[in-house]
Amino acid sequence: MTTKQKALFIIFGGTGDLAQRKLYPSLFNLYKKGFLNENFAVIGTARRPWSNDHYQDVVRNSISGMEDTAQQANEFASHFYYQSHNVTDTNHYVTLFELAQKLDEKYQIGGNRLFYLAMSPHFFGTICEHLRSQNIVTANGYNRVIVEKPFGHDLASAIQLNDDICKFFPEEDVFRIDHYLGKEMIQNIAAVRFGNNLFKALWNNRYIDNIQITLSEALGVEERAGYYETSGCLRDMVQNHILQIVALLTMNAPVTFSDVDIRQEKISALKALQVYTPQEVKENFVRGQYTQGNGQVGYRQENQVAKDSVTETFVAGKLHVNSMSFAGVPIYVRSGKRLATKGTRIDVVFKNMPNNIFDCGQILPNVLTFNVDPIPAMSLRLNSKAVSQEGYGIEDNTLTYTHDNALRAQTPEAYEKLLLDALKGDATNFTHWQEVYYSWRFVDAIRQAWDQEKIDVETFPNYECGSMGPKAAFDLLAKDGNHWEFDPCHEG
């Protein structure tokens, strides 16, 4: 049964790309499905001097093609209001307070407010302080802050940012969003692990040989080059998305399927990550940068990129988890720009049979695969008898479950799921501060080791566009006798 939600959304950065591409379409889907109805309103704020009419036009454009009728789109957009706002100007919060009170009464919202900070983290503390000091935070409803990544630039800045927010909002009201946690197949990890006794029994270092996580992107940095120059792939992808997936794959079973218990186990999993010394970083991590090839320009030829930049657009690494269940199981991760294909995939490689009794050559290990993007699917590679007139040959076959077109059409987009969770106060798929802390602790050790190394700027752009990264990323597994299960350059 659909439960109608009552809330006033105040979106700081309401004119931005994220709001138009993700937030407004997600809110519209919640509206179409009945989760949002009459008792909601949205205030968009930014520096631009827009009117309510123009803002509502922007909202209608962002949901163009999604609406059943023009009337439906108009009714949805009528709940949106705009305020030109300087987040450092106290007087603007006075105006915001008055508008919020007016809309709360008009739509009978009951004081429930979600503050979405879709702008530079530099302003988070200032915004939170003014929300409190100008009484925009209500006493008769919930008040939740949704924070976009990046949450800090390193551990020190993350601690400062967290302190700035938590002076005014308690941890339980802070929802740090990582859209990967809203993806269907990422959420399926828990269902497979803890809903099937087969995998529950095998999910440990006695039976798992290694785990592989790939987040590959076919595009380059595009318009994000300026940001990317200060971030790089390590901070942009590993610190959040990849380590969140690692936590879901290696955490212990929670006592209950609740946000408190699940997050506690994820914290323990991230705390168990071995923090590397500089020498261990050199042995276990690879960085790369795309150079021109296959008709594409190299990273250093992109706009807003320094001609001698050593910013990494690719990272591959081997992680060690110092827990009873996963000690000794290498976890290989990689992510990069301008790779052969866009896709997110997780391969859990089980240990091979200790003895091959069949006179048929090599038996392949069983592999459980979560295909997250672009087509959600799960598969399990098994060995079975090959059909033949004589002899007893073994061949590998794959059992596959794929979301068909009809099911994919019904599947909520990640932001839609996470916004509904925030409305309900369910923090399961949001990142707790201690998860952020231990993630940065791990990543900082790698970043600091790299910053101490000298890079030969003549040889560093070390992989061509359209490949799957530098050779060293393949050597990282080969020296352990392993290989990447996902290799689109050599499939078929």
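The values are calculated or read from the model by the stated rules, or taken from the named source; none is laboratory data. Remember, predicted model here, so these are calculated numbers, not experimental data. Cβ placement follows ideal geometry from the backbone for every residue including glycine, while neighbour counts extend to all protein chains displayed.
Overview of values
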| quantity | calculated |
| --- | --- |
| Lone qualifier among ILE165, ILE159 - being in a helix (DSSP H, G or I) and more than 22 Å from PHE9 (Cβ to Cβ) | ILE159 |
| Residue among TYR438, TYR401 that alone is touching a residue at least 24 places away in the same chain (Cβ under 8 Å), over 30 Å from LYS4 (Cα atoms) and not in a helix (DSSP H, G or I) | TYR401 |
| Hits in the stretch 248-296 - residues which are under 22 Å from LYS183 (Cβ atoms) and of a type in the set (Gly, Ala, Ser) | ALA253, SER258, ALA269 |
| Selected residue (criterion: surrounded by the most Cβ atoms within 10 Å (Cβ to Cβ)) from residues of the stretch 59-94 that are assigned to a helix (DSSP H, G or I) and of a type in the set (A, V, I, L, M) | VAL59 |
| Test: LEU155 is modelled with pLDDT of 95 or more and out of contact with any strand residue (DSSP E or B) (no Cβ under 6 Å at 6 or more places or on another chain) | yes |
| Residue selected from the stretch 301-327 under the condition of a type in the set (A, V, I, L, M, F, W, C) and more than 26 Å from the chain's Cα centre (by Cα), by the criterion nearest to TYR207 (Cα to Cα) | MET324 |
| Odd one out for GLN108, checked against (1) surrounded by fewer than 20 Cβ atoms within 10 Å (Cβ to Cβ); (2) more than 27 Å from the chain's Cα centre (by Cα); (3) assigned to a helix (DSSP H, G or I) | (3) |
| Lone unmet requirement of (1) under 18 Å from PHE486 (Cα atoms); (2) out of contact with any Phe, Trp or Tyr (no Cβ under 6 Å at 6 or more places or on another chain) for GLY336 | (2) |
| Leading residue by the ranking (nearest to LYS318 (Cα to Cα)) among those in the stretch 183-230 that are assigned to a helix (DSSP H, G or I) and touching a Pro at 6+ places or on another chain (Cβ under 6 Å) | MET185 |
| Every residue from the stretch 301-322 that is hydrophobic (A, V, I, L, M, F, W, C) and under 16 Å from GLY288 (Cβ atoms) | VAL305, VAL310, PHE314, VAL315, ALA316 |
| Residue among GLU416, GLU485 that is of a type in the set (Asp, Glu) and either assigned to a loop (DSSP other than H, G, I, E, B) or in contact with a Gly (Cβ under 7 Å, 6 or more places away or on another chain) (or both) | GLU485 |
| ASN371 vs. criteria in the same structural domain as ASP236 (by TED's automatic domain parsing) and part of a loop (DSSP other than H, G, I, E, B) | no |
| Among residues of the stretch 288-307, those that are surrounded by 15 or more Cβ atoms within 10 Å (Cβ to Cβ) and among the polar types (S, T, N, Q), counted | 4 |
| Single residue of ASN405, ASN371, ASN462 found to be modelled with pLDDT under 95, surrounded by 13 or more Cβ atoms within 10 Å (Cβ to Cβ) and among the polar types (S, T, N, Q) | ASN462 |
| TYR55, sole failed condition from (1) among the hydroxyl-bearing types (Ser, Thr, Tyr); (2) surrounded by 21 or more Cβ atoms within 10 Å (Cβ to Cβ); (3) under 25 Å from THR95 (Cβ atoms); (4) touching a Lys or Arg at 6+ places or on another chain (Cβ under 9 Å) | (4) |
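Residues checked against (1) at pLDDT below 95; (2) surrounded by 14 or more Cβ atoms within 10 Å (Cβ to Cβ); (3) among the basic types (Lys, Arg):
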residue: THR2; (1), (2), (3): yes, no, no
residue: LEU8; (1), (2), (3): no, yes, no
residue: LEU36; (1), (2), (3): no, yes, no
residue: ILE43; (1), (2), (3): no, yes, no
residue: SER51; (1), (2), (3): no, no, no
